[in-house]
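Right, one structure below, let's go through it.
We did not get these values from a lab; they are worked out from the coordinates using the rules stated. No experiment lies behind these values; they were computed from the predicted model shown. No Cβ is skipped: glycine too gets one built from the backbone with ideal geometry, and neighbour counts run over all protein chains shown.
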Amino acid sequence: MSQQQPMVSMILPIYNAQDFLDQCLSSIQAQTYPNFEVLMVNDGSQDDSGAICERFAKSDSRFILLQKTNSGVSDTRNLALEHAEGRYLQFMDSDDWLPSNSTESLLHSAESTGCDLCVGHFYRIAGDRIAKRGNIRGEKIFTRLDYAEEMMKAPANYYYGVLWNKLYRRSLIEAAHLRFDPQVKWGEDFLFNLQYLEHARLIATIPTPVYYYRKREDSLVNSDLSLRRTIAMKKDTFNAYKELYQKLDLYEEQKGRIYSYFLSAAVDGAVTPLDPRLDQSPT
């Protein structure tokens, strides 16, 4: 155990991310809230990612490097969960970065409301275009049931599906023994969120953007192979999505809206230009 238990454990899986990793880690180091640990899990990178992580670990004791052979993002996140000591968990991807008030904003929401899940807006970056994204406006508190009803409006939207615009209560994850399924290669984050929602009592939303998501043109999601696998993934995630509503006794009443998941999943959304004066530091 560290001398002071971190309030937040940031979980960062890393694989061949040398072109973006310095910016990612620097943005974490620049957070206005200081009591966190960063679990940098190097998933067998073949580039200089490990050396970059070592540099941060040597200069800042909050940065902890875990090395492993390559086995995928789910295994990598699961290893981080085994080492995490924070009261809350914040997930990141290694090619993205944080606004300087990200952790502080999410943590303030969690601590002031007592909610088990806090969800923020985010910036989506595609080339030189930047857009602020988020579905629920304003600061609100939802029961599990009310949040599930909101999610029916756009279930496949990143706002609900991804990990990185949210803050999770670690005790809930450990009590429910939640982990990522290594056999699931697509949509593992959405499946984790669906499982987490089964146990979350209250969910808080804030309009503050807490993440810069970089949409990369060389991503595997743009390949034909990925498209075929993504279609199969959407069928699997829909089954889990439907199961959540069955457990909440909403399925029969809302069956038509629940099946609109397939329409939502087919729409990714365009990125439109936004004011370039947004806080994008550190660069």
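So between HIS199 and ARG257, what do we pick up on full extension, going 0.36 nm a residue minus the alpha carbon distance? Present the calculation step by step, with values, prior to reporting the outcome.
Working: separation 58, 0.36 × 58 = 20.88 nm, distance 2.28 nm.
Once the chain is fully extended between HIS199 and ARG257, it gains 18.6 nm.
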Quick shape check on segment 118-196: root eigenvalues a ≥ b ≥ c of the Cα gyration tensor, a/c under 1.5 is rounded, otherwise prolate if a/b tops b/c, else oblate, and it reads oblate
For ILE141 and LEU248, extending 7 Å from Cα along the Cα-Cβ vector and measuring point to point gives, in nm, a value of 1.8 nm
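Let me make sure I get this right: for the chain, a, b and c are the square roots of the gyration tensor eigenvalues over alpha carbons, sorted descending. Under 1.5 in a/c it's rounded, otherwise prolate if a/b > b/c, else oblate. Which is it?
rounded
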Helix-only [θ] at 222 nm, the chain, -39500 (n - 2.57) per DSSP H run of 4+, per residue, nearest 500, equals -11000 deg cm²/dmol
